[in-house]
Amino acid sequence: MLAVARWKGFPDGRSCMTSCWSKIEAAVPTFRWVSVRAALLLVVVILVPLQVQAEPWRLTSQKEGIKVEARTLSGERFDELRVSTVVPVAPHTVADFLVGAYLDQANKNIRRTFVKRSRELTIWSDVLTAPAISARCYSMRFERSSLQANGEVKVRFSSTDYIGPKPSVDCILLKTRGEWNMAPVAEGTRLTYVSLTDVGGGTPAVLVRRSLTNAAVQSVEKVTAGALGLQQPRD
C-alpha cells in the first residue's frame, strides 16, 4: 500500500488514505447516509417482529349501558378486555373514587396491604384466595395522570412480583396490566377500562375467560356506582 502511495506522489500512506477517502466521499456523497439508512433498516427489521400483534376489537356484549369488547394478542393466553360506559359526573370525580374508596373496599377473597399511598401513585400487595385453586400473590401499581387540557384523566396499572413475605411458597404470581381512562363528554365522563390479565398456573384459559370478563364488568359497575354515591353491587 505504501509503495502505491509513493508511486502516486504521496510521501506516506497516511496522506494517501486521507486524500483517497476525501475523493471517495466526493465521488459518492451519499455514502455515509446510505450507511445510516442501512443501520436503521436493520434496527427496524429486528424490532418489528418483537411488537405485539393485536386483532381488531370485537363486541362481546352491550347491555344496561355497559359495552364489552375483547381482542386477541399474539403470544397471550387470554384476551385483552375493554369495558366502557358513561358516568354522569366529571372525570376527576370518577378518578378520585377509583384511587380512593374503591381500593379500600373489603373483599372476602382478597387480603390487601398498602405499600405506598398517594393521589398520584399507589402500590399495594394482594393475596387472592378462592375455593379449589392455589392462592395468587401479586403487587399492583396505580399511576394517575391528568395530561389532557380538556380534563381527561388516566390511571395506568400493572402488576409486579409480590412485595413482602409470601404467605406460602406455592403462591402463584398473577400478571395484569392496563388502564382506566376518564374522558369528558357531554353527558359527563366516558369511562373506559382496558385490561390484560393472566391468572397463572395450569388452569385452562377457556375455564377462566368468563370469570375475567365478569370481574372486569363488575369493576366498572363498582366504580360507576361509587362515583355516583350509590350502593355498591354485590361481589
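Amide hydrogen proximity for Ser61: with H placed 1.01 Å from N in the peptide plane, the residues at 5 or more positions away or on another chain lying under 5 Å are Val68. Here the residues Ser211, Ser219, Ser125, ranked from fewest to most Cβ neighbours within 10 Å of their Cβ, fall in the order Ser211, Ser219, Ser125. The H on the amide N of Glu152, modeled in the peptide plane, is under 5 Å from the matching H of no residue at least 5 residues off or on a different chain. Couplings 3J(HN,Hα) for region 105-111, derived from phi with the Karplus relation 6.51 cos²θ - 1.76 cosθ + 1.60 (θ = phi - 60°), are 5, 6, 9, 5, 9, 10, 10 Hz, where x marks Gly and Pro.
Per-residue packing, averaged as other Cβ atoms within 10 Å, sorts the ranges 177-184, 96-103 into the order 177-184, 96-103, beginning with the highest.
Backbone phi angles across region 179-190, fed through the Karplus curve with coefficients 6.51, -1.76 and 1.60 (θ = phi - 60°), yield HN-Hα couplings of 7, 9, 10, 10, 10, x, 9, 4, 7, x, 9, 8 Hz in residue order; Gly and Pro are listed as x. When Arg156, Arg190 are arranged by Cβ crowding within 10 Å, least crowded first, meaning fewest neighbours, the order is Arg156, Arg190. Using the Cβ of Met182 as centre and a radius below 9 Å, the other residues enclosed give a net charge of +1, where K and R count +1 and D and E count -1. Computed over neighbours whose Cβ is under 12 Å from that of Trp124, the net charge equals +3, Lys and Arg +1, Asp and Glu -1. Cross-link candidates for Lys166: which aspartates and glutamates have Cα within less than 18 Å, leaving aside residues fewer than 8 places away along the same chain? Of all the aspartates and glutamates, those that pass the test against Lys166 - Cα under 18 Å, at least 8 places apart if same chain - are Asp126.
With a threshold of 27 Å on the Cα-Cα distance, the over-threshold entries among Lys63/Lys116; Lys67/Lys116; Lys175/Lys222 are Lys63/Lys116; Lys67/Lys116. Counting every other Cβ atom within 10 Å of each residue's Cβ, Val68, Val208 order from fewest to most as Val208, Val68.
Throughout, read-outs are computed from the coordinates displayed, never taken from laboratory work. Just so you know, these numbers come straight off a predicted model, no measurement behind them. Cβ: placed from backbone, ideal geometry, glycine included. Neighbour counts: every protein chain shown.
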